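To start, the structure under review is shown below, and the notes come after it.
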Amino acid sequence: MSLPFIVFFICALVAVGGALMLILAREPIHSALSLVLVMISLAVLYLLLGAEFIAAVQIIVYAGAIMVLFVFVIMLLNAGIEERTDYSKLAKYAGLPLGMFLLLELAHWMAHSAVGATIANGSEAANTAASTRELSTQLFQKYLFPFEATSILILIAILGALVLAKKDE
Amino acid sequence: MDFVAQHPVLVVSLVKIVILLFLILTTLAYLTWFERKVVAHIQSRWGPYYVGAHGLLQPLADGLKFLFKEDLTPPGADKFVYILAPFLALSLALTTLALIPFGPPGVQVLGQSTLIVANVDIGLMFVFAITSMGVYGVALAGWSSNSKYPLLGGLRSSAQMISYEVSLTLSVVGVVLLAGTLNFNEMIEGQRGYYWHLIPRWHIIPQIIGFLCYFTAAIAETNRVPFDLPEAETELVAGFHTEYSSFKFAMFFMAEYANMLTVACLATILFLGGWLSPFPDSWTFLQYLPAVGLLGLAIYLWYDTVMLARGIARVQLVVISTGATVIGLACLHPVVMSVIQGPFWFLLKVGLLMFFYVWTRGTLPRFRYDQLMSFGWKFLLPVSLANLVVTALVKVWPLLVNHG
C-alpha cells in the first residue's frame, strides 16, 4: 500500500462521514462544520491529483469564505436545534431505491471509464496535472470568453442581490 | 538508518517541524514580554520587572499560572465546539509558519533545505488558504460559549475578518504581478539587486500603497489595536474569549501572537526582500554585524550582571550573557557566519515590524464599529483595487505599445 493510497482512503472516509454528519446533525452549526470538513478533505484529494492551485482555491473559496458566511448567518439568526419530523413516505419508497441506483451507476461508470482509472492512480495523474502557470495560460487564452462570461454572470448576481436587499423608499 | 535513507523528506521535515515548533512557542511566550515592556516604556512605566532580571522569567510564570488555573466550561456550552475552537485557532496559526522561508534555500542537510519546512510551489495561496480558515476559531468560540458578550464579539470579529480579508488579499496581488510567481523563495530572489547600486530593489518601493494597505488590513485581520473590536473590553468584557479560562485562554493568546508573527513574516517576504540584506554585497564588513550585535548585547548584560543585579537575577543573567557571548563568538566562524546572514536579516525585519505593531498599540485609540466597517469597505478596498489596476497597467504597458 503506497502512502497516497492510504491518504486517499482516509480523506474519502472523512468526506463521506462529514457528508453524513451534515445531514444527520441536529444543530445547524454542526452541519455547517461537517460541510467544512467535507470541503477540506476534497481539497486534500485535489492535492493528491497534483492540482495544488485548485486545492488552495477550494479551501479559500469554500471553506474560508462561503462556509464562514454560513456560520456567520447561523450565528446571527441564532438558529435553534432542528425539529425532527416523520420522514415523508415518498423519500422512503422512491428516494431510497433511486439513490441506491444512482450510487450503483456511478460505481459502474467509475470502474469502466478512463477517468476512474486516472483517479485511482493518483500519482500518475499528478505528473500530467497542470501547474498554476499552465492553468492560468489556458484560462486566459483558450478559455478567455467563458471565463469572462462567468465573471459577468457573478457580477450580475451580486447586483441582483443588492437590488433585492435594498429597501423601497 | 534505512528508513532515514529511504524517506529523507519525511524525516528531515519532522525534525524541522519539531525544532521550529519549539523555537516558535518560545518566541510567542517572549513576544508577550516584549509587548508588555515596549507598551510600558511608551507609557512611562517599567513593565514586568520582578520575576527574573528585567522580568525575563515573566512568560514562564504566566505559562505556569495558566496551566494550574481551573479550566471552566460554562453550563449550556456546546462542549465539542467549545473545546475545538481554541485548538483550531492555535493549530491554524502555527501551520502557516511552516511555509515561511527563514533563509536562502542553499543551506541544506541530506539534500533538503533547512530554513523552510515546506517549500510549496504556490506558497502564498496556501498561506491565504490557511489564514482564511482562522475566522472559525474566533467565531466558534463566541458561539459555543452560550453567553451574550462572547456571541457579540464572535459576530463582530467574523464580520471584521471577512471584510478586511478582501483588502488584505487584493493588496498583495500587486506584488504577485510584479514577481510573476507565488513561490516565496522565487519572490525573494526576484527582489535582488539595487537601484543606483544603493537602494535595494524591494517591492515596497513600487508597491508602497500596497504595503500600507496590507499592513492596515493585517492589523485588522489579527484583531489588534486600533481594530481590536472583537475584544473591546469596555463594551464586550473580553469578546469571544470571555468564557475561556486556563490553558484554553492561553491558546487564543498564543494564536493571536502567532498570527502577528505570520503577518510580519509575510510582509517581510512580499515587500521587504525577505532574507536579502538591505546593503550592497560589496559591503562585506556587514557580515560581522550579527556577531557584533550579539557581543555588544553580551557586554551590556555582563555589565548589568556585575553592577546592578542581585540574587537569582544575577544567576539568570550570568547564564544569558554566557549564552550571548558563546553564540556571538560562534557567529565569527566563517561557516556559521555565512549561514546566519539570511536568517539574521529576516528576523531583524520581522522584529522591526513586530515593534511597529506594538508601537501602534501603544499610540492609537480604538475605532468605533461603524468607522471600522466604512474604513474597510469605502477606503481600504478601493485604494487596494486602484493599486492593483495601476500595477497591472504598468506591467502590461510595454506589451500594448509593442503591439500597437
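Annotation: B:Asn146 fulfils all but one of (1) part of a helix (DSSP H, G or I); (2) touching a residue at least 24 places away in the same chain (Cβ under 8 Å); the unmet one is (1). So is B:Lys65 basic (Lys, Arg) and either at pLDDT 85 or above or buried (at least 20 other Cβ atoms within 10 Å of the Cβ) (or both) or not? Judged against the criteria, B:Lys65 is a match. Looking at A:Ile152, A:Ile59, A:Ile158, which one is surrounded by 13 or more Cβ atoms within 10 Å (Cβ to Cβ) and either at pLDDT 85 or above or not in a loop (DSSP other than H, G, I, E, B) (or both)? Going through A:Ile152, A:Ile59, A:Ile158 in turn, just one is surrounded by 13 or more Cβ atoms within 10 Å (Cβ to Cβ) and either at pLDDT 85 or above or not in a loop (DSSP other than H, G, I, E, B) (or both): A:Ile59.
Under 24 Å from B:Phe215 (Cβ atoms), away from every other protein chain (no Cβ under 11 Å), in contact with a helix residue (DSSP H, G or I) (Cβ under 6 Å, 6 or more places away or on another chain) and among the polar types (S, T, N, Q): does that describe B:Ser171? When the stated conditions are applied, B:Ser171 passes them. Out of all the residues in segment B:374-388, which are of a type outside the set (Phe, Trp, Tyr) and buried (at least 17 other Cβ atoms within 10 Å of the Cβ)? Scanning segment B:374-388 gives B:Gly376, B:Leu380, B:Leu381, B:Val383, B:Ser384, B:Asn387, B:Leu388. Of all residues in segment A:56-67, those being within 8 Å of another protein chain (Cβ to nearest Cβ) and closer than 24 Å to B:Gly142 by Cβ number 5.
Residues in segment B:105-118 include none that are over 16 Å from B:Ala217 (Cα atoms), part of a helix (DSSP H, G or I) and not aromatic (Phe, Trp, Tyr).
If B:Ile320 satisfies every condition in (1) assigned to a helix (DSSP H, G or I); (2) touching a Pro at 6+ places or on another chain (Cβ under 6 Å) but one, which is the exception? Only one criterion is unmet by B:Ile320, namely (2). Within segment A:68-112, if we keep just the residues that are away from chain B (no Cβ under 14 Å) and touching a residue at least 24 places away in the same chain (Cβ under 8 Å), the residue that is surrounded by the most Cβ atoms within 10 Å (Cβ to Cβ) turns out to be A:Glu82. A count restricted to segment A:42-56 and to residues that are of a type outside the set (A, V, I, L, M, F, W, C), surrounded by fewer than 21 Cβ atoms within 10 Å (Cβ to Cβ) and outside any loop (DSSP other than H, G, I, E, B) stands at 1.
Checked across segment B:193-216, the condition of being under 23 Å from B:Ser132 (Cβ atoms), surrounded by 22 or more Cβ atoms within 10 Å (Cβ to Cβ), small (Gly, Ala, Ser) and more than 14 Å from the chain's Cα centre (by Cα) holds for at least one residue. Take the residues of segment B:163-177 that are buried (at least 19 other Cβ atoms within 10 Å of the Cβ) and either within 14 Å of B:Trp202 (Cα to Cα) or not polar (S, T, N, Q) (or both): which is farthest from the chain's Cα centre (by Cα)? Taking the candidates together, the pick is B:Gly174. In segment B:252-267, the condition of being among the small types (Gly, Ala, Ser) and at pLDDT below 80 is met by no residue.
Residues in segment A:1-37 that are of a type in the set (A, V, I, L, M) and more than 14 Å from every other protein chain (Cβ to nearest Cβ): A:Met1, A:Ile10, A:Ala12, A:Leu13, A:Val14, A:Ala15, A:Val16, A:Ala19, A:Leu20, A:Leu22, A:Ile23, A:Leu24.
The values are calculated or read from the model by the stated rules, or taken from the named source; none is laboratory data. All values derive from a computational prediction rather than experimental measurement. Glycine also receives a Cβ, built like all others from the backbone with ideal geometry; neighbour counts cover every protein chain displayed.
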